[in-house]
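Visitor: After the structure tokens below, expect a handful of questions from me.
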Amino acid sequence: MEILTSNFNTLQNTVIALGKFDALHIGHMKIIDEMKKVSKKNKLKSVIFTFDNISESFIVSKKEKEEILEKSGIDYLFYQTFDKRFKDTSAKDFFNEILLKKFNAKYVVSGDDWHFGKNKCGDVHLLEKMCQDKNVGFSIIKRLETDGETVSSSLIRKYISKGNVKKTNMLLGRRLSVEATVIYGKQLGGKIGFPTVNFAAEKGRILPKNGVYASYVYYGTKRYLGMTNVGDNPTVDKNIDVRIETHIFDFNKNVYGEKMKIEFLDKIRDEIKFNDVDELICQLKKDKAYIKNNF
């Protein structure tokens, strides 16, 4: 997969998928899958057209997005800066100057809620008409629904904030994950028999509700089972919120400064304020036994 910059050379014969793709959830992947089918059938290069502005409470980082799309077999990924110039682009110019001229689109795929042009004046119906007028293929992908709810990034954020990672994982079509740098903690866990690895997640990333979670931790080529606590640890850097610590089962390595990936499997319990250390140890033993027996 090639990541295109704003000054890329004009492409030839492409199918382009339009969208924010800010979570790459099952609805987004449906659009991408349709683009891939069209690409294969018509021998067109596949292009993702999305935006480089990462919002607060983001679900996947730019790096994670690129890794997922790379595995999906996309030819090109283009980030459009959502600046004043782009905001002022008319729907007509977006179609003619960007899609047709710059990307040489022969086919366009979008969700049914896509809007484009200044003041969002263009919708999928206008886009479909423009495609028909220029003999460009076009597919509208209807938004998915599950349990009476429309799949969206905002819905996923709601479930993450509630700590419902099981539902989150279903909507994402993969496990909710965080790739983070291991930092020094207070090293209290080791003193009570439950050493933890402390992670520094990027500022702005949405994390599950405070509590204890069954999790997988990836280090190198190996995967380990563990229990992860998400809590209100103080911020130690202006760009990093320290809120994650994991007791990794059957793991004894010094990994400070290295990156590890955590996947959330299910919430085990809420945070509890214990009366003393013995009570805490007793609960941690129960948590560990439960996770080992159920995951």
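Visitor: Rank by packing, highest mean first: peptides 65-75, 105-115, 9-19, with packing defined as the count of other Cβ atoms within 10 Å averaged across residues. Write down the numbers at each step before the final one.
Guide: Details: 65-75: 15.8, 105-115: 21.0, 9-19: 18.6.
Listed from highest to lowest mean packing, they are 105-115, 9-19, 65-75.
Visitor: With the contact rule set at Cα under 8 Å and sequence spacing of 6 or more, what percent relative contact order holds for region 68-202?
Guide: That works out to 14 percent.
Visitor: With θ set to phi - 60° and the Karplus curve 6.51 cos²θ - 1.76 cosθ + 1.60, what are the ³J(HN,Hα) couplings of region 209-215 in order, to the nearest whole Hz, using x for Gly and Pro?
Guide: Per residue, the Karplus-derived 3J(HN,Hα) values read 3, 3, x, 10, 10, 5, 8 Hz.
Visitor: Can you send over the carbon and sulfur percentage of the accessible area for region 58-163, probe radius 1.4 Å, protein chains only?
Guide: 46
Visitor: Continuing with this model, one more query. Write down the accessible area per residue of region 1-146 in Å², having rolled a 1.4 Å probe over the full set of protein chains.
Guide: Details: 7910 Å² over 146 residues.
Counting only protein heavy atoms, the per-residue value for region 1-146 is 54 Å².
Visitor: Expressed as an acute angle from 0 to 90° and rounded to the nearest 10, what is the orientation of the C-alpha long axis of helix 277-294 relative to the principal long axis of the chain?
Guide: Helix 277-294 and the main axis of the chain meet at about 50 degrees.
Visitor: What does the highest-first list of 273-281, 199-207, 119-127 look like by mean Cβ count within 10 Å?
Guide: Sorting 273-281, 199-207, 119-127 by mean packing, highest first, produces 199-207, 119-127, 273-281.
Visitor: How far is helix 153-162 tilted, in degrees, relative to the longest principal axis of the Cα atoms in the chain, given as a value from 0 to 90 rounded to the nearest 10?
Guide: Compared with the principal axis, the helix lies near 10 degrees.
Visitor: Taking amide H atoms as placed 1.01 Å from N in the peptide plane, list the residues 5 or more away in sequence, or in a different chain, whose amide H sits under 5 Å from that of THR146.
Guide: Result for THR146 returns VAL151.
Visitor: Tell me what the chain gives for mean residue ellipticity at 222 nm when only DSSP H runs of n ≥ 4 count, each as -39,500 (n - 2.57), the sum divided by the residue total, rounded to 500 deg cm²/dmol.
Guide: Per the formula, -8000 deg cm²/dmol.
Visitor: Expressed as a whole percent, how much of the Cα-Cα distance distribution for region 21-88 exceeds 14 Å? Let's see the in-between values first.
Guide: Working: 1426 of 2278 pairs.
Above the 14 Å cut-off, region 21-88 has 63 percent of its Cα pairs.
Visitor: Go through TYR213, TYR256 and list them by solvent-accessible area, largest first, probe radius 1.4 Å.
Guide: Result, largest first: TYR256, TYR213.
Visitor: Continuing with the same structure: Provide the FRET efficiency to the nearest 0.05 for the GLU258-ARG85 pair, computing r from the beta carbons and using R0 = 30 Å.
Guide: 0.15
Visitor: If I fit a long axis through the Cα atoms of helix 62-72 and take the longest principal axis of the Cα atoms of the chain, what angle between them do I get, 0 to 90°, rounded to 10?
Guide: 70
Visitor: Leaving out ligands and nucleic acids, note down the accessible area per residue over region 148-222 with a 1.4 angstrom probe, in whole Å².
Guide: Per residue, region 148-222 has an accessible area of 45 Å².
The values are calculated or read from the model by the stated rules, or taken from the named source; none is laboratory data. Note that the structure is predicted; figures quoted are calculated from it, not measured. Note that each Cβ is placed from the backbone with ideal geometry, even for glycine, and that neighbours are counted across all protein chains shown. Quick note on the areas: whole protein, heavy atoms, side chains included, nothing else; ligands and nucleic acids left out. Shrake-Rupley method; radii C 1.70, N 1.55, O 1.52, S 1.80 Å.
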